[in-house]
Ligand SMILES: *Cc1c(COP(=O)(O)O)cnc(C)c1O
């Protein structure tokens, strides 16, 4: 299967209201260009160095989503071009994004990453931390970010009912935050969940953004 075949299959299968992020981490720019030539525009990377070097050589109308743990000292390098930072996991990081967005005369879209999996290793907020962030005066004073919703990764497991439960929990937290903090903000509506192994479940559970790597570009070597 080629990148083109994989994308066409996904476009057929995934409802048009759900955005597809082609996760191109570790993949060469040649493969990204194949997806680009097929008309795909949204790509995701999880390392700042990699996204910077790829962005520099690829067409400027690609929309880049940052989906990995982001160190505050790296924000300045991606602030000029990043479309959405999906992995906001602290107030400190959000403040830095706001600062660098302002320097660039931009408003950067963000999602809060939640820890929904049973594994210890995954980054992300819990509901209480997210509420503290959203209630803070610092957040209220940010003019150069816009918060669009939530992102999460389910447990790496074959247990479909556990995965479904975790996605359902993420959606419930998004609804809760919407009601509590974003009632009047139409565009707080995004739930980024679902990867190659679990996007079908995620879409059933209300995902609005799926992040698919292997299912488009093939298995990663590393
Ligand atoms: C790598 C990655 C993906 C895509 O994973 P696949 O299994 O290749 O589809 C999605 N989300 C995040 C945060 C990732 O790091």
Diffusion coefficient in µm²/s returned for the chain by Stokes-Einstein, Kirkwood Rh over C-alpha pairs, 10 °C and 1.306 mPa s, is 90 µm²/s
FRET efficiency (residue 60, residue 146; Cβ distance; R0 35 Å; to 0.05) is 0.95
Under the 0.36 nm per residue contour assumption, what length would be gained going from the current alpha-carbon distance of residue 119 and residue 41 to full extension? 24.9 nm
Between region 13-49 and region 166-182, what is the separation of their alpha carbon centroids in Å? 27 Å
How large are Rg and Dmax for region 124-222 when calculated on the C-alpha trace, in angstrom? 15.2, 45
Once the Cα gyration tensor of region 5-45 is diagonalised, semi-axes √(5λ) in Å: 18, 11, 8
With N residues in region 89-132, what two-decimal value do you get for its Cα radius of gyration over 2.2 N^0.38 Å? 1.37
Using a Gaussian network model of the chain with C-alpha springs under 10 Å, which one of 114, 167, 181 is most mobile by mean-square fluctuation? 181
Based on alpha-carbon centroids, what's the gap between region 107-135 and region 67-82 in Å, whole number please? 17 Å
Divide by every residue of the chain the summed helix terms, -39500 (n - 2.57) for each DSSP H run of at least 4, and state the resulting mean residue ellipticity at 222 nm, rounded to the nearest 500 deg cm²/dmol. -12000 deg cm²/dmol
Contact order normalised by residue count of region 1-102, Cα under 8 Å, 6+ apart, percent: 21 percent
Rule-of-thumb check for region 162-208: C-alpha Rg over 2.2 N^0.38 Å? 1.19
Projected label distance in nm at residue 90 and residue 128, using a 7 Å step from Cα toward the beta-carbon: 1.9 nm
Over 13 Å, how big is the tail of the calculated P(r) for region 16-66, in percent of all Cα pairs? 52 percent
Binning at 5 Å from 0, report for region 1-121 what percent of all alpha-carbon pair distances ends up in each bin. 2, 10, 20, 21, 18, 15, 10, 4, 0
Share of Cα-Cα pairs in region 51-111 beyond 18 Å, whole percent, is 26 percent
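Every read-out reported here was derived from the displayed coordinates using simple, explicitly stated rules and does not represent laboratory data. Predicted model, so just to flag it, every value in this text is computed and none were measured. Glycine gets a Cβ as well: all are built from the backbone with ideal geometry, and neighbour counts include every protein chain shown.
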